[in-house]
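K.L.:
Structure incoming, see below.
The values are calculated or read from the model by the stated rules, or taken from the named source; none is laboratory data. Quantities reported herein were computed from a predicted structural model and do not represent experimental measurements. Cβ placement follows ideal geometry from the backbone for every residue including glycine, while neighbour counts extend to all protein chains displayed.
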Amino acid sequence: MDTVKNWNKWANNHTYYPLDILRIALGIFLVLKGASFITNSQYLDNILSPLSNFPGGMLTFHYIAAAHIMGGIMIALGLLTRWAIIAQLPILFGAVVINFIGDLDVKNLVLATVTLAVCLFFMFYGSGKHSADYYFKMQQ
């Protein structure tokens, strides 16, 4: 627990607006991606086709869409950012791996890899000073 507190102190002392804009952009991107999966379910079905024998396909579809939309909103607001990113990690690892199992789509691979890298960064960095987490922490 002390390690997380030390990371938060370091992050709050080194917070810059571009990092906050990057966090907000990541959240908006995830919300839009989740909405895209809901409106175009055939696209998600095509992506998950290499795992067609995997049981729980509908559960996976709903988890991906809900985690992207709800997690994206939370990341954009800076509310429980680390928990929201932890919910994104299995999806993003799966997005990177599925490109090697199925047809290799370089655009999707780069997009998934960059999103995963940004999420891993914010998992360690935290939400920063300009976030709901920081606001609520200061209200205590």
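K.L.:
Determine whether the range 74-90 contains at least one residue that is at pLDDT below 75 and exposed (fewer than 14 other Cβ atoms within 10 Å of the Cβ).
P.N.:
Scanning the range 74-90 turns up no residue that is at pLDDT below 75 and exposed (fewer than 14 other Cβ atoms within 10 Å of the Cβ).
K.L.:
Looking at the structure I just gave you, is Thr115 closer than 28 Å to Lys9 by Cβ and β-branched (Val, Ile, Thr)?
P.N.:
Working: closer than 28 Å to Lys9 by Cβ: yes; β-branched (Val, Ile, Thr): yes.
Yes: the conditions hold for Thr115.
K.L.:
Could you run through the range 91-106 and say how many residues are part of a helix (DSSP H, G or I), over 10 Å from the mean Cα position of the chain (by Cα), surrounded by 12 or more Cβ atoms within 10 Å (Cβ to Cβ) and not β-branched (Val, Ile, Thr)?
P.N.:
Residues meeting the conditions: 4.
K.L.:
How many of the residues making up the range 109-128 are loosely packed, with under 14 Cβ neighbours inside 10 Å and within 15 Å of His68 (Cα to Cα)?
P.N.:
Qualifying residue count, the range 109-128: 0.
K.L.:
May I pose another question? Residue check, Pro50 against (1) assigned to a helix (DSSP H, G or I); (2) at pLDDT below 70; (3) loosely packed, with under 14 Cβ neighbours inside 10 Å, all met but one. Which one?
P.N.:
(3)
K.L.:
Among the candidates Leu109, Leu79, Leu116, single out the residue that is outside any helix (DSSP H, G or I) and under 16 Å from the mean Cα position of the chain (by Cα).
P.N.:
The match here is Leu79.
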